[in-house]
Amino acid sequence: REDYPARQNLRFIPVTLGGEQWFMQYSPYAYYNEHCIVFSREHRPMKLTTQTLGDLLDFTEQFPHYFIGSNAGLPIVGGSILNHDHFQGGASELPMARAAIDQPLVPPPYFPGTAGILRWPMSVLRLDCDDPEALVNAADRLLTAWQDYSDPERDIIARSTDGTPHNAVTPIVRRRANRFQMD
């Protein structure tokens, strides 16, 4: 129809994340300021790994005025387009970024940053650190522990009887001055 803008003018901007070729494009659906999609050159399914966490921080090192996040990567928890690895971000400050830490946590000795549970309607843990490698390592340990965590009394089941994983996270990364923040 004539009253809809053409999408032929979308451009891909090459970006290197974790030593791999990625592309960034501004979304035709501008949900927020400079809403962008960052997608891998390699066609592969989404999954959340240590590499994914590192790629998110790598992106914010290159674009410190943007936040970026990865969907959970599991169809059972409502992941989006799971057949091609991608992230979404933008130059906005979403409400969760302004949420305060409600319950500070004592970080483990290997993590030289701060940690806490946010004052937010869903379960959100925030890690804050000036060392991106330490942040990736701490986030990866948490992710691994959560993926295998079950507590049947609270209806938390890590996997279905057929092995389908249930526990997932949706990491969102931003910069605060010289520090990295991951929710």
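The values are calculated or read from the model by the stated rules, or taken from the named source; none is laboratory data. These numbers come from a predicted model, not from an experiment. Positions of Cβ are generated from backbone atoms using ideal geometry, with glycine treated the same way; all protein chains shown enter the neighbour counts. The protein model used for the area step is the full one, side chains on, heavy atoms only, and it has no ligands, DNA or RNA in it. Shrake-Rupley method; radii C 1.70, N 1.55, O 1.52, S 1.80 Å.
Just a few scattered comments:
- The stretch 6-47: proportion of alpha-carbon pairs further apart than 11 angstrom, %: 68
- Net charge over other residues, Cβ less than 10 angstrom from the Cβ of residue 99 (K, R count +1; D, E count -1): +1
- Between helix 132-147 and the chain: long-axis angle, C-alpha atoms, 0 to 90°, nearest 10: 70
- Computed over the chain, the P(r) tail beyond 23 angstrom holds 45 percent of alpha carbon pairs.
- Residue ranges 34-43, 160-169 sort as 34-43, 160-169 when ordered by packing (mean number of other C-beta atoms within 10 Å per residue, highest first).
- For residue 32, solvent-accessible area (1.4 Å; no DNA, RNA or ligand), Å²: 50
- With all protein chains modelled, accessible area of residue 170 [1.4 Å, Å²]: 70
- Taking Cα atoms only, the orientation of helix 50-62 departs from the longest principal axis of the chain by about 60 degrees.
- From helices alone, the chain scores -5000 deg cm²/dmol at 222 nm; the rule is -39500 (n - 2.57) for each run of n ≥ 4 DSSP H residues, then divide by the residue total.
- Mean separation of Cα pairs under 8 Å and 6 or more residues apart, divided by the residue count, gives the stretch 51-183 a relative contact order of 29 percent.
- Ordered from longest to shortest, the equivalent ellipsoid semi-axes for the stretch 39-141 are 24, 16, 15 Å, each the square root of 5 times a Cα gyration tensor eigenvalue.
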